[in-house]
Every structure is written in C-alpha cells, then in structure tokens.
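> Here's a structure for you.
The values are calculated or read from the model by the stated rules, or taken from the named source; none is laboratory data. Keep in mind it's a predicted model, so treat the numbers as computed, not measured. Here the Cβ positions follow ideal geometry from the backbone for every residue, glycine too, while neighbour counts run over all protein chains shown.
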Amino acid sequence: MIITRWTDDFVVGFQYQDDANKFRVALNERLSNFSLSLHQDKTRLIRFGRFAKRDAKLFDRQSKPKTFDFLGMTHICGQKKDGKFRVFRKTIRKRLTEKLKAVKTELNKRMHNSILEQGKWLSTVVRGYFGYHAIPGNMKAIGTFRTQIARMWYKTLRRRSQKSNLDWEKMNVIVDKWLPRARILHPWPDERLERQLPKVRA
C-alpha cells in the first residue's frame, strides 16, 4: 500500500482490488466513529498504474484508464519513450480558468497603473504560477496561461484610451520584457535525484 496525503485530501494505492475495497469499508467505519464520512463525489476506486491500460480494456471495456485530480493536477497513466510506465500530470482545466478570471479581475482594478507597475505585478503572477505548474508534461497548460495573460493585458492597455496606437508588434516587446517564457522548471523526480547524487569515479 502507498499513500499520498495533503491536509484532508489523500490518494491511496493498492496492488489488489480486494485490498482497496476492504480499506474503503474499514475507513468508512473508522470515520463514522467521529461522525465523519468520505466525500462521495471525490471518493472513487479506479485502475491506475503499469497495468491500468491493459486491465481497462480487459475488464472495463474502456480504451484507456481513468484519470484522477489531486492537488490541482489531473493525473494520467502514460508511457515514457522506452515504453515504461510514467504518471503524467496536467493542470486541472477548471483551476486554470478560475486563475485567469481572478487575474483579469485584478488587472481591471490596476488598469490605470503604469506599465511598469502592471509588468512587475504580472511578472510575479506568472512566475508564481510556473513555480507550481511548470512540471514535465504540462507545457501546454503553462503556455496557455502566459498567452492568455498577454491577451488580457493587451486588451486592458487598449481600453485605457480610445486613441491608443498599441498594436501586437509593440505589445510583444512589452510581453517579452515582463512575462517569463513558458518552460519546464521541475525535472522528473528520478532525474532530479540523479543530479543530486554524488558521482563516484572508479
């Protein structure tokens, strides 16, 4: 059994389905002693791991295994180039949309701030987002985030004056100056560990 937990959210993995079912029953009974219960909409049993794709076809008649959301990421069964199993994580689409809406609201409040002030603030926003979401396999999501921020900023600056001569050629210069480019900041765990381990020469 493996378990990953953050506050009151957790994911538990088992090799055998019977063990998973027994654990779910036991956990429900344990929680009931404290007048608590599992969240029915968030609690489910799915196939996940090296053999999930094979078993989804054999037992569930599905073309691919199900995914699950945890800590802002959708976790997906995937494969490396050599065919070995690997977990891929992508930003939950709903979370991405909500973050963009929040930035848009705040940007409207800062509409009449100078480009310098707006640029410093948006740079912090984008860097903070990348700091968590710039993981392997999530390049599309972080690229979308930067692109949408740039578009919102452009529309905001254009709205400040009916006689604005700002076009995308000029805007791209501003964007490239202030918004960090989308790139993966966090390597795979095994790659990070390999970099940290001291190399011994024979």
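> Given the criterion exposed (fewer than 12 other Cβ atoms within 10 Å of the Cβ), at pLDDT below 90 and of a type in the set (V, I, T), identify the matching residue among T7, T105.
On the way: T105 fails: at pLDDT below 90.
Of T7, T105, the one residue that is exposed (fewer than 12 other Cβ atoms within 10 Å of the Cβ), at pLDDT below 90 and of a type in the set (V, I, T) is T7.
> Here's a follow-up. For residues in the stretch 108-129 being small (G, A, S) and loosely packed, with under 13 Cβ neighbours inside 10 Å, which is farthest from T144 (Cα to Cα)?
Of all residues in the stretch 108-129, those small (G, A, S) come to 114, 119, 123, 128.
Now drop any that are not loosely packed, with under 13 Cβ neighbours inside 10 Å, which leaves 114, 128.
Values: S114: 25, G128: 15 Å.
Only one residue tops the list, namely S114.
> Taking into account only those residues within the stretch 27-62 that are under 23 Å from T74 (Cβ atoms) and among the aliphatic types (A, V, I, L, M), which is nearest to the chain's Cα centre (by Cα)?
I46
> Can D19 be described as over 26 Å from K57 (Cβ atoms) and of a type outside the set (A, V, I, L, M)?
Values: over 26 Å from K57 (Cβ atoms): no; of a type outside the set (A, V, I, L, M): yes.
No.
> Sticking with this one: Can you tell me which residues in the stretch 134-156 are in contact (Cβ under 8 Å) with a residue 24 or more places away in the chain and closer than 17 Å to K101 by Cα?
A141, I142, G143, T144, F145, R146, Q148, I149, A150, M152, W153, T156
> Here's something else I'd like to know. In the stretch 59-92, which residues are over 17 Å from V11 (Cα atoms), part of a loop (DSSP other than H, G, I, E, B) and not charged (D, E, K, R)?
Q62, S63, G83
> For the subset of the stretch 136-164 comprising residues that are out of contact with any helix residue (DSSP H, G or I) (no Cβ under 9 Å at 6 or more places or on another chain) and within 27 Å of K81 (Cβ to Cβ), which member is surrounded by the fewest Cβ atoms within 10 Å (Cβ to Cβ)?
Result: K140.
> Tell me whether the stretch 110-118 contains one or more residues that are closer than 30 Å to K80 by Cα and either free of Cβ contacts under 8 Å to residues at least 12 places away in the same chain or not in a helix (DSSP H, G or I) (or both).
No.
> Collect the residues in the stretch 165-189 that are exposed (fewer than 12 other Cβ atoms within 10 Å of the Cβ) and farther than 23 Å from V125 by Cβ, keeping them in residue-number order.
Scanning the stretch 165-189 gives N165, D167, E169, P189.
> Continuing with this model, one more query. For the stretch 1-26, give me the residue count where each residue is more than 22 Å from the chain's Cα centre (by Cα) and not in a helix (DSSP H, G or I).
Going residue by residue through the stretch 1-26, those that are more than 22 Å from the chain's Cα centre (by Cα) are 1, 14-26.
When the remaining residues are screened for being not in a helix (DSSP H, G or I), the result is 1, 14-16.
Total meeting the criteria: 4.
> If you don't mind, there's one more thing I want to ask. Does the stretch 143-154 include one or more residues that are at negative phi and not in a helix (DSSP H, G or I)?
There is no residue in the stretch 143-154 that is at negative phi and not in a helix (DSSP H, G or I).
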